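The values are calculated or read from the model by the stated rules, or taken from the named source; none is laboratory data. These figures come from a predicted structure and were not determined experimentally. Positions of Cβ are generated from backbone atoms using ideal geometry, with glycine treated the same way; all protein chains shown enter the neighbour counts. Areas reflect the complete protein model, heavy atoms only, side chains present, ligands, DNA and RNA absent. Shrake-Rupley method; radii C 1.70, N 1.55, O 1.52, S 1.80 Å.
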Amino acid sequence: MTDVESPAYVPGHGLLKGRTAVVTAAAGAGIGGATARRFLEEGARVLISDAHARRLEEYEALLAGQFGRESVTAVPCDVTDEEQVRVLFETAAAEHGRLDVVVNNAGLGGTAELADMTDEQWSRVLDVTLNGTFRCTRAALRLMRESGGGVIVNNASVVGWRAQAGQAHYAAAKAGVMALTRCAALEAAAYGVRVNAVSPSLAMHPHLVKVTSAELLAELTGREAFGRYAEPWEVANVIVFLASGYSSYMTGEVVAVSSQHA
């Protein structure tokens with residue numbers, strides 16, 4: 001195993017110029033916030049969403065100051081609430097006339113041994129991570145079916161492929177996201193919509209540090225071929241690729257952003 005430093009940040013190349021995108025769980029930290037920023041750097045207009053209204057408002061102000069008020073809009077949304085999901089997508093359509101890209105990033109983790117896991121712990125993780133992705137994918141497909149095309153990128157996880165103790169609910173949810181991606185892709189192809197997913201391993205951000213032990217972070221980092229965690233923007237770069245015309249013949253794929261498959 002090598003120990004490689006993070007690479008230099010890659011500048012935008014206008015890959016999403018003129019497109020309108022929705023990114024869920026995008027209130028600054030982590031993959032969602034990094035994806036929103038990368039989309040703006042690539043020329044997209046972005047509607048960011050998150051269940052944390054205060055952090056969302058703060059991140060909207062930050063991005064608007066850097067990219068212009070006309071480029072970014074924030075709509076609070078809890079993906080477990082169908083009415084809030086409906087409002088989110090109706091707002092995107094009303095403000096921009098069409099919807100080109102959706103990134104379903106919202107997810108919820110947690111650690112619990114299966115024998116001690118409560119129904120509430122199981123259901124909460126699946127409702128946010130799998131059911132939330134379903135609700136947003138359904139809403140996006142209804143709009144994209146009418147407009148004649150689009151791209152959906154879901155955020156899965158390597159845990160959807162490999163076992164990890166204490167993660168039965170999260171692993172089941174992420175494996176479900178992978179299956180949902182493949183099935184949705186087959187249905188959506190008829191009306192010009194592509195559906196793919198990324199499967200990250202460990203993308204470091206402040207909130208992850210708060211909820212994960214140093215021992216586990218060190219173990220997961222040590223499993224990676226580069227001997228380091230991913231920067232959230234490195235995962236976002238792959239999402240940009242899947243959202244762009246460079247992946248025009250890809251659909252129903254789950255792309256690992258990690259060296260770990262099993």
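Between the beta carbons of Glu70 and Arg182, assuming R0 = 41 Å, the FRET efficiency works out to 0.65 to the nearest 0.05. Rolling a 1.4 Å probe over the protein heavy atoms of region 1-73, with every protein chain left in place, gives an accessible area that is 52 percent carbon and sulfur. Expressed as a whole percent, how much of the Cα-Cα distance distribution for region 1-75 exceeds 15 Å? For region 1-75, the fraction of Cα-Cα distances above 15 Å is 52 percent. Tell me the angle of helix 214-223 to the major Cα principal axis of the chain, expressed in degrees between 0 and 90 and rounded to the nearest ten. Relative to the chain, helix 214-223 is tipped by roughly 80 degrees. Against the empirical 2.2 N^0.38 Å (N residues), region 65-108 has a Cα radius of gyration ratio of 1.27. Basic side chains Lys and Arg get +1 at the Cβ, acidic Asp and Glu get -1 at the Cβ, and with that the dipole of region 1-155 about its Cα centre reaches some 740 debye. Here the spin labels are modelled as points 7 Å beyond Cα on the Cα-Cβ line, and at Glu113 and Val87 they lie 4.2 nm apart. Take each peptide in 93-101, 235-243, count the other Cβ atoms within 10 Å of every residue, and average; sorted highest first, the result is 235-243, 93-101. As a rough guide to protection, the peptides 221-232, 102-113 ranked by mean Cβ packing within 10 Å, highest first, stand as 102-113, 221-232. Roughly how tilted is helix 82-96, in degrees to the nearest 10 and between 0 and 90, from the longest Cα axis of the chain? Helix 82-96 sits at roughly 40 degrees to that axis. How charged is the neighbourhood of Ala21? Take every other residue with its Cβ under 13 Å from the Cβ of Ala21, and add Lys/Arg as +1 and Asp/Glu as -1. Around Ala21, the surrounding residues sum to +2.
When Leu16, Leu141 are compared by accessible area at a 1.4 angstrom probe, the order from most to least is Leu141, Leu16.
Computed from the C-beta positions of Val10 and Arg98 and an R0 of 30 Å, the FRET efficiency is 0.60 to the nearest 0.05. Relative to the longest principal axis of the Cα atoms of the chain, the long axis of helix 232-243 lies at roughly 50 degrees.
Across all Cα atoms of region 1-150, the radius of gyration (one decimal) and Dmax (whole number) stand at 16.7, 51 Å. For Gly132, what charge total do you get from the other residues with a beta carbon under 14 Å from its beta carbon, if Lys and Arg give +1 and Asp and Glu give -1? Charge balance near Gly132 sits at -1.
The alpha carbons of region 86-148 stretch over 48, 18, 15 Å along the principal axes, in descending order. When Ser258, Ser244 are compared by accessible surface with a 1.4 Å probe, the order from highest to lowest is Ser258, Ser244. With Cα atoms defining each centre, region 133-150 and region 161-200 are spaced 16 Å apart in the structure. With all protein chains kept in place, the per residue accessible area of region 112-231 amounts to 45 square angstrom at a probe of 1.4 angstrom. Volume per residue of the convex hull around the Cα atoms, evaluated for region 67-178, comes out as 114 Å³.
Taking all protein chains as they are arranged and a probe of 1.4 Å, the heavy atoms of Ile31 leave approximately 20 Å² accessible to solvent.
With R₀ fixed at 30 Å, the C-beta to C-beta distance from Ala189 to Ala214 puts the FRET efficiency at about 0.10. The Rg/Rh ratio for the chain, using Cα coordinates for both the radius of gyration and the Kirkwood hydrodynamic radius, is 0.95.
Sorting Lys174, Lys17 by solvent-accessible area of protein heavy atoms yields Lys17, Lys174, largest first, with a 1.4 Å probe.
Here the average projected area of the convex hull drawn through the C-alpha atoms of region 116-191 stands at 5.1 nm².
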